[in-house]
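Report on the structure given below.
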Amino acid sequence: QVQLVESGGGLVQPGGSLRLSCAASEINFRFYTMGWYRQAPGKQRELVATITTGGMTNSADSVKGRFTISRDNAKKTVYLQMNSLKPEDTAVYYCKAETTIRTYWGQGTQVTVSS
């Protein structure tokens with residue numbers, strides 16, 4: 001059974017940093033485009049950042065220069081380094097694995113930015 005397990009969320013003060021991890025199992029990880037999405041209360045889920053099988057990255061304008069996505073194919077893990085966090089970054093963060101014919105989501109991890 002395919003699983004995507006996120007970790008690393010928590011409570012952090014504005015200006016702080018967190019690193020999220022998403023460990024995949026039962027998929028051929030290197031063939032999947034991986035992404036991070038987030039959903040704040042009362043809002044739609046939105047793209048944060050993606051990384052292709054070749055390592056090309058894309059990120060939302062709201063996180064450019066602050067968040068970095070990376071992947072380790074040997075560990076079947078994708079990371080999201082989040083720096084200079086703001087209260088508006090508060091959301092549940094979800095990991096997504098995608099090919100042209102399959103999509104899998106993780107269960108999400110809560111990130112709360114508050115003083």
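What follows is calculated from the coordinates using simple rules that are stated; it is not laboratory data. This is a predicted model, so every value here is computed, not measured. A quick note on method: Cβ atoms are made from the backbone with ideal geometry, for glycine too, and the neighbour counts reach across all protein chains shown.
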**Request:** At 7 Å along the Cα-to-beta-carbon direction for both residue 66 and residue 25, put a label point, then send me their distance in nm to one decimal.
**Result:** 3.4 nm
**Asked** Highest GNM mean-square fluctuation, the chain, Cα pairs closer than 10 Å: which of 48, 92, 78?
**Response** 92
**Request:** Once you've got the GNM for the chain with C-alpha springs shorter than 10 Å, pick whichever of 28, 83, 58 has the biggest mean-square fluctuation.
**Result:** 28
**Prompt:** In debye, nearest 20: dipole of the chain around its Cα centre with unit charges on the Cβ of K, R (+) and D, E (-)?
**Reply:** 120 debye
**Column: log10 I(q)/I(0), Debye, Cα scatterers of region 34-115, q = 0.14, 0.19, 0.20, 0.24 Å⁻¹** = -0.46, -0.84, -0.93, -1.29
**Asked** Under 18 Å from the Cα of residue 96, which aspartates and glutamates turn up, not counting those fewer than eight places away in the same chain?
**Response** 6, 26, 46, 72
**Asked** So if we plug the beta-carbon distance of residue 73 and residue 114 into 1/(1 + (r/R0)^6) with R0 = 35 Å, what FRET efficiency do we get, rounded to 0.05?
**Response** 0.50
**Fill in**
With the charge dipole of the chain built from beta-carbon charges (+1 for Lys and Arg, -1 for Asp and Glu) about the Cα centre, the Cα from 13, 73, 110 projecting farthest to the positive end belongs to 73
